[in-house]
Amino acid sequence: MNAQNVDALSAYFLAEVSETKETHTLSVIVDNEPGVLARVIGLFSARGYNIDSLSVSETEHEKHISRITIVTTGTPQIIEQIRHQLDRLVPVHRVRDLTVAAHKLNQDKPLERELALIKVAGQGDKRLEALRLSEAFKAVVIDATVDHFVFEITGRTSKIEQFIEIMRPLGLVEVSRTGVAALNRGAEGL
Amino acid sequence: MEREMTGAEMVLRAFQDQGVKHVFGYPGGAVLPIYDELIQQDVIEHILVRHEQGAGHAAEGYARSTGKPGVCLVTSGPGATNMVTALTDAMLDSIPLVCITGQVPTNLIGSDAFQECDTVGITRTCTKHNWLVKKIEDLPRILHEAFYVATSGRPGPVVVDIPKDVQFATGIYEGPAPNATQHKSYRPQLKGDMNAIRATVELIASAKRPVFYTGGGVINAGPAASQLLRELAEMTGVPVTSTLMGLGAYPASGPLWLGMLGMHGTYEANMAMHDCDVMICIGARFDDRITGRLDAFSPNSKKVHIDIDPSSINKIVRVDIPIVGDVGYVLEDIVRIWRASNMKQNPELKAWHEQVNKWRARNCLAYKPNDDVIMPQYALQRLAAAIKGKDYYISTEVGQHQMWAAQFLGFEEPNRWLTSGGFGTMGYGLPAAIGAQVAHPDALCINIAGDASILMNIQEMSTAVQHGLSPKTFILNNSYMGMVRQWQQLLHGNRLSHSYTDSLPDFVKLAEAYGGTGIRVTKPDELDDAIEEMINAKGPVLFDCCVAQMANCFPMIPSGKAHNQMLLPDEATDEVVANAIGNEGKALV
């Protein structure tokens, strides 16, 4: 019998195993000490896991605690492995699979937002079209000359991807993205 | 208020507070302040090795044979990088090591200073954790934390990298926290989930063909865990097999002992694993040397996995009942619940025991005796007979001799068997035997070696002589890297590319050159007397046992094959060996 441990706390018996790849978002609460990000990234490269997106910042200054948000893709077994491998790093306080937590709340996904700065250069109709579309996407102009705009856009990764694709033929110059920040819905904290 | 002391003093003070008695090390520019403290005290004995890797393996042998952390002290740059192999070895086999490395002064870090390297960067993936201490205020806390992390949960190596200016700086020393388990982020789970444990007890009681598959975790959980395993096996009647790392937890003379399992394990152990209906994995990790072909691994069993490291569970083989916890705690609960609920052995076990005996009767470790040439298996059998009943510790290098030692030397107690399992480090055995000898000065410490492996850390003979230690190295000398050659025969059409060692040294003269004793034996009938001479010799011995050159190690599960497709010694003709592994298996390690 091959089955999968669904919940580490209730020890057993066990859902059918899926081999299809899924994308999950993990929150990792760590001590903000030198090398901690290298440990996390090194773990992913050493064990051949994927990182689709990664963002990190100190979130509790008094305790020197940082929150790393990682979006990763793999089979459920691999994602379970990633969670445990992260959890056994010494400076890691907690790891939560926000996607699994969202599923338990009967939600498709956790709340996920990304911010991007997007530089578009051009003149004439293309320039007007870029501005008109930016309004439709609720992007904000944060810098402009007669030759260019820099838009600031916030939203789900898919929205930002779409906006970038639309800007490409309109004179896209460069993009800077923050990576995903994510929380679960509801009153409960991690 | 405590008086101020230097960082170097703090290192020695922390060692004392952590109960350290021995340190294996090698001095150099960036650790001179610590060495200056070492010579001014006499609580901690320093063992001067001849190569930093030797210090690491000696500390491993010390740790494995005592259950205490091994401690090493080396300098920056090459001192630290020479430790990397030993650290990785300890990482793979979960051996607690605390390694102090010197570092260039903080103001020179990053400037490519003399003997500078990014020690914490280099050792990040081969340690359980590491620290670069930039401020004297952090040093006492980190030193104590290092011992806690190395020894708690799944044990492993840690590195504390201390720049020279921090060693000279002064500050206030603090002792270990009264409750060390209150680490802010690292708190391994010791007690297993009770529902899972109850379910496991029921599963064992109802099993018709159960097997205990035990590993190094039982040894790491302390001697009490081995005792509990023995009690549990006896009360449940479940046969026991073990990985290379777990030998000695259940006694080789015990009635339920199946022998080691895996690639060079016994027929009965592997067949029991394949045919069992309930497998209880206790402190082992389904390594590829154990499982063989994964999709044919024990296809009809329900599996329980007890491990202190949650990441080991469901990593390779999916199990039905995972139990995260210390093997000692979990076994205690299982034994207690079994007794409390008045469980009885399943009467159907009788048929299973009969089946096991049939497999045993296959006599899978048989070899063709020879009156003229020493068979390596025979040499080990004679050695086993000579040391029986003595207080002995056995280390090994890596290769055929290691597998034969695992097969032919029975282990009755835990912590007596020191070998490089996960990482397979040639050159491990001699320093490990030295480490064990330091911890147990009156015991018989024997390193089973091959002619190739022993040369990888032969310089440690000099360490043994200097410190009055008497490790005996029993070299099964066939002039080949035997295991490499065996794989070339299996995989590469018998083209023996660079696996023959021409120009081996004269091991007898070599031993004498170091100030030890050399013994050479070429005939089977000389063995017993020579072994007796080795055992009684003062100081280190190189025992050059010239064995049949082309002997190979069987039984064997060829790469890519399942447990029930073993190659047995009497079936392993040249032709069978040449065709044993298919194309898929050839790509495996």
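From the list B:S453, B:S479, the lone residue that is surrounded by fewer than 23 Cβ atoms within 10 Å (Cβ to Cβ) and either in the same structural domain as B:K390 (by TED's automatic domain parsing) or closer than 17 Å to B:V49 by Cα (or both) is B:S479. The set of residues in region B:31-52 being in contact with a Phe, Trp or Tyr (Cβ under 9 Å, 6 or more places away or on another chain), in a helix (DSSP H, G or I) and surrounded by 24 or more Cβ atoms within 10 Å (Cβ to Cβ) consists of B:E52 alone. What are the residues in region B:109-122 that are under 14 Å from B:D161 (Cα atoms) and either more than 14 Å from chain A (Cβ to nearest Cβ) or in contact with a helix residue (DSSP H, G or I) (Cβ under 6 Å, 6 or more places away or on another chain) (or both), if any? Scanning region B:109-122 gives B:Q115, B:E116, B:C117, B:T119. In region A:62-83, the residues that are assigned to a helix (DSSP H, G or I) form Cβ pairs under 7 Å with partners that are basic (K, R), at six or more places apart or across chains, as follows: A:Q81/B:K315. The set of residues in region B:333-375 that are over 28 Å from the mean Cα position of the chain (by Cα) and on the phi > 0 side of the Ramachandran plot contains only B:N342.
Residues in region B:7-28 that are under 18 Å from B:V160 (Cβ atoms) and out of contact with any helix residue (DSSP H, G or I) (no Cβ under 6 Å at 6 or more places or on another chain): 7 in all. For region B:184-206, the condition holds for no residue, the condition being that it is assigned to a strand (DSSP E or B) and more than 11 Å from chain A (Cβ to nearest Cβ). Quick one: in region A:142-167, of everything that is surrounded by fewer than 14 Cβ atoms within 10 Å (Cβ to Cβ) and over 23 Å from the mean Cα position of the chain (by Cα), which residue is nearest to A:P110 (Cα to Cα)? Per the stated criteria, the residue is A:I142. Note on region A:10-31: among residues that are in a loop (DSSP other than H, G, I, E, B) and more than 7 Å from every other protein chain (Cβ to nearest Cβ), the one that is modelled with the lowest pLDDT is A:S10. Within region B:275-332, restricting attention to residues that are within 11 Å of another protein chain (Cβ to nearest Cβ) and basic (K, R), the residue that is nearest to the chain's Cα centre (by Cα) is B:K315.
The listed residues are B:K344, B:K350, B:K368, and the only one of them that is more than 14 Å from chain A (Cβ to nearest Cβ), in a helix (DSSP H, G or I) and either at pLDDT 95 or above or surrounded by fewer than 19 Cβ atoms within 10 Å (Cβ to Cβ) (or both) turns out to be B:K350. Annotation for region B:75-87: no member residue is buried (at least 21 other Cβ atoms within 10 Å of the Cβ), more than 14 Å from every other protein chain (Cβ to nearest Cβ), out of contact with any helix residue (DSSP H, G or I) (no Cβ under 6 Å at 6 or more places or on another chain) and among the hydrophobic types (A, V, I, L, M, F, W, C). Restricting to region B:384-411, name every residue that is part of a loop (DSSP other than H, G, I, E, B) and under 23 Å from B:R289 (Cα atoms). Matches in region B:384-411: B:E397, B:V398, B:G399, B:L409, B:G410, B:F411.
Pairs linking a residue in region A:32-54 that is more than 11 Å from chain B (Cβ to nearest Cβ) to a residue that is part of a strand (DSSP E or B) and of a type outside the set (V, I, T), with Cβ atoms under 7 Å and 6 or more positions apart or on different chains, are A:N32/A:E58; A:N32/A:S66; A:Y49/A:G74; A:N50/A:G74. Checking A:R94, A:R113 one by one, the residue that is away from chain B (no Cβ under 14 Å), assigned to a strand (DSSP E or B) and out of contact with any Cys (no Cβ under 6 Å at 6 or more places or on another chain) is A:R113 and no other. Total residues in region B:138-168 satisfying the condition of being surrounded by fewer than 20 Cβ atoms within 10 Å (Cβ to Cβ) and either touching a Gly at 6+ places or on another chain (Cβ under 6 Å) or away from every other protein chain (no Cβ under 13 Å) (or both): the figure is 3. Could you please let me know if B:T522 is of a type in the set (S, T, Y), in contact (Cβ under 8 Å) with a residue 24 or more places away in the chain and surrounded by fewer than 16 Cβ atoms within 10 Å (Cβ to Cβ)? Yes: the conditions hold for B:T522. I need the full set of residues from region B:534-589 which are part of a helix (DSSP H, G or I), within 22 Å of B:L476 (Cβ to Cβ) and of a type in the set (A, V, I, L, M, F, W, C), in order please. Scanning region B:534-589 gives B:M534, B:I535, B:V577.
Remark: B:V373 matches the filter, which requires a residue to be farther than 26 Å from B:N270 by Cα and more than 14 Å from chain A (Cβ to nearest Cβ). Residue pairs whose Cβ atoms lie under 6 Å apart, separated by 6 or more positions or on different chains, with the first residue in region B:485-497 and within 13 Å of B:V589 (Cα to Cα) and the second of a type outside the set (S, T, N, Q) and modelled with pLDDT under 95, are B:L490/B:V577; B:L490/B:A580; B:L490/B:I581; B:L491/B:I581; B:L491/B:K586.
A single member of B:I122, B:I172 is among the aliphatic types (A, V, I, L, M) and closer than 17 Å to B:G77 by Cβ, and it is B:I122.
Is it the case that region B:144-151 has a residue that's farther than 20 Å from B:D17 by Cα, of a type outside the set (V, I, T) and either free of Cβ contacts under 8 Å to residues at least 60 places away in the same chain or in the same structural domain as B:L12 (by TED's automatic domain parsing) (or both)? No: region B:144-151 contains no residue that is farther than 20 Å from B:D17 by Cα, of a type outside the set (V, I, T) and either free of Cβ contacts under 8 Å to residues at least 60 places away in the same chain or in the same structural domain as B:L12 (by TED's automatic domain parsing) (or both). The set of residues in region B:489-528 being among the acidic types (D, E), out of contact with any strand residue (DSSP E or B) (no Cβ under 9 Å at 6 or more places or on another chain) and at pLDDT 95 or above consists of B:D525, B:D528.
The values are calculated or read from the model by the stated rules, or taken from the named source; none is laboratory data. All values reported here derive from a predicted model rather than from experimental measurement. Cβ sites come from the backbone with ideal geometry, for glycine too, and all protein chains shown count toward neighbours.
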